[in-house]
1. Can you compute 3J(HN,Hα) from phi for each residue in region 284-291, using the Karplus curve 6.51 cos²θ - 1.76 cosθ + 1.60 with θ = phi - 60°, rounded to whole Hz and x for Gly and Pro?
2. Restricting everything to alpha-carbon atoms, can you work out Rg to Rh for region 92-146 with a Kirkwood hydrodynamic radius?
3. Would you work out which of Ala130, Met243, Leu229 lies farthest towards the positive end of the dipole of the chain? Charges go on Cβ: Lys and Arg +1, Asp and Glu -1.
4. Of the heavy-atom accessible surface of region 112-260 (probe 1.4 angstrom), what whole percent is carbon and sulfur?
5. As a check on your grasp of the helix formula, calculate [θ] at 222 nm for the chain: sum -39500 (n - 2.57) over DSSP H runs of n ≥ 4, divide by the residue count, round to the nearest 500.
6. Quick check on packing: order 261-269, 318-326, 303-311 by the mean number of other C-beta atoms within 10 Å, highest mean leading.
7. Jot down the per residue volume, in cubic angstrom and as a whole number, of the convex hull over the alpha-carbon atoms of region 369-476.
8. For Leu27, what residues show an amide H to amide H distance below 5 Å, using hydrogens built from the backbone and excluding near sequence neighbours?
Amino acid sequence: MGTLRFMFLLCLSAAAMSMVRSEDPYLFFTWNVTYGTISPLGVPQQAIFINGEFPGPNINSTTNNNIVINIHNNLDEPFLVTWNGIQHRKNSWQDGVLGTMCPIPPGTNYTYHFQVKDQIGSYIYYPTTAMHRAAGGFGGLRVNSRLLIPVPYADPEDDYTVLIGDWYSKSHTTLRKFLDSGRSLGRPDGVLINGKSPKGDGKEEPLFTMKPGKTYKYRICNVGIKNSLNFRIQGHPMKLVEMEGSHTVQNTYESLDVHVGQCFGVLVTADKEPKDYYIVASTRFTKTVLTTKGIVRYTNGKGPASPEIPEAPVGWAWSLNQFRTFRWNLTASAARPNPQGSYHYGSINITRTIKLINSATKVDGKLRYAINGVSHVDPPTPLKLAEYYGVPDKVFKYDIISDDPPADAADKVTLAPNVMNMTFRNFIEIIFENHEKSIQSWHVDGYSFFAVSIEPGRWTPDRRKNYNLLDAVSRHTIQVFPKSFAAILLTFDNAGMWNIRSELAERRYLGQELYSSVLSPARSLRDEYNIPDDALLCGIVKNLPKPPPYEI
């Protein structure tokens, strides 16, 4: 009997090895992008649907899956989608931003092909063209751990995606006209949860259901365009287990501040009285607080939710203190960043410090947002294509901003493509410094970074004494509070052209973004993939001969 069991286990082991060595699975999707009409705030308005859905379909994938999405653009404008937090290793061609790709023309289609390489976690996708993000076209993207990799918590009974975000009742075209005319978007009109803003009269169908005694995973992502939101579930504490692709130390929270572009994975146990409960999302750091709620129902529930809504915290000091409690789970087995062969990022020498200061100003009487005195504009030719085809000098100039901008950099703003050269595989420190009175949210495409510090005041080198150099969470989006700074560390080891942007859509649209050019001197397939055969071409590269391909 022992021999038979040994042989059985041997066969299982061989099968597992075979699975690991075989090609990673492919997931195929066809998306039809159309306009539709919704009335989440009681006012009919035009929205962007994907396959008739608002929000768009949830992508459910596993580490190392190849994802192939054929997008048919049935809008009347060019369209692109970015996969927020997916690193696209060696493949900025699929990043879905105007600096790397030509948008999909109306009435045509394009097929994205990317791999969720060495990643796990909760992510979102959304449009990057025009002000389409204010109309929808967004959805959840989850990357599950492979079955052979242990996860630091028991499998939940179910896995729910919760997309929260502020919302305007005006159309995306009207909002875009506001920005083009030089004015701000102003205050949002409401907050949505999964595209809905329930009346709260107790008659709505539940957004989610829970069985008594069972534990559920909720993936909470802020897909809005302006406001940080506080999320809470009436009477139910949330155990934080994952954040933007990293397992975390499992602290428990009554509520979480989720800033624009950020995602949290929490566990919630249905161990309270069986009835309905409210999930609540409300704006933070605004004079007028906008709140929405939806219903979570116990399957054997026998009563309505209590009308007493749990209060949100007040002030940003509370939010800063919550950030300080987030810690990376160093003992979890999972796909994780591995800069320069070491998890000990705190012992790697910093080779460059870049300070990025955001500002708001008027240029020719119109509102613009800038970084270090430069307000980015997208040229007709995507920056990555210009670089690949050897004609960058005809499209943009490198390094028109300095690493340490002068104090008056925001006084005189230049409108131009903003591209910084990054040395391949260098370990870099980036300081986001916010001199304004409003909160900011910054995202780095193509990477995860170590969020080592957020502090009030201006940054100076002696602030490094307070960095978390042991277990800062590796993530892709970080908030910067008013009159404060945030410090991140990362290795630029992913060749390509990568977007660093404000996640606040108004600010990004009016110039608060830049691109980092990370070139591999070897021009080798070991470092970067060739341009896809079906890549869309536009601008001055449209009729140029294709450069020689990279080789091993």
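The values are calculated or read from the model by the stated rules, or taken from the named source; none is laboratory data. These numbers were taken from a predicted model, which means no experiment stands behind them. Ideal geometry is used to build each Cβ from the backbone, glycine not excepted, and the neighbour counts take in all protein chains shown. SASA here: full protein model, heavy atoms, side chains in, ligands and nucleic acids out. Shrake-Rupley method; radii C 1.70, N 1.55, O 1.52, S 1.80 Å.
1. Values per residue, Gly and Pro as x: 10, 6, 10, 5, 9, 8, 9, 10 Hz.
2. Value, to two decimals: 0.99.
3. Leu229
4. Numbers: 2430 of 5080 Å².
On region 112-260, the fraction of accessible area on carbon and sulfur atoms equals 48 percent.
5. Values: 5 runs with 50 residues, N = 552.
After summing the helix terms and dividing by the residues of the chain, the value is -2500 deg cm²/dmol.
6. Working: 261-269: 24.2, 318-326: 15.1, 303-311: 13.6.
Packing proxy ranking, top to bottom: 261-269, 318-326, 303-311.
7. Spread over its residues, the Cα hull of region 369-476 gives 138 Å³ apiece.
8. It is Asn66, Ile67, Val68, by chain and number.
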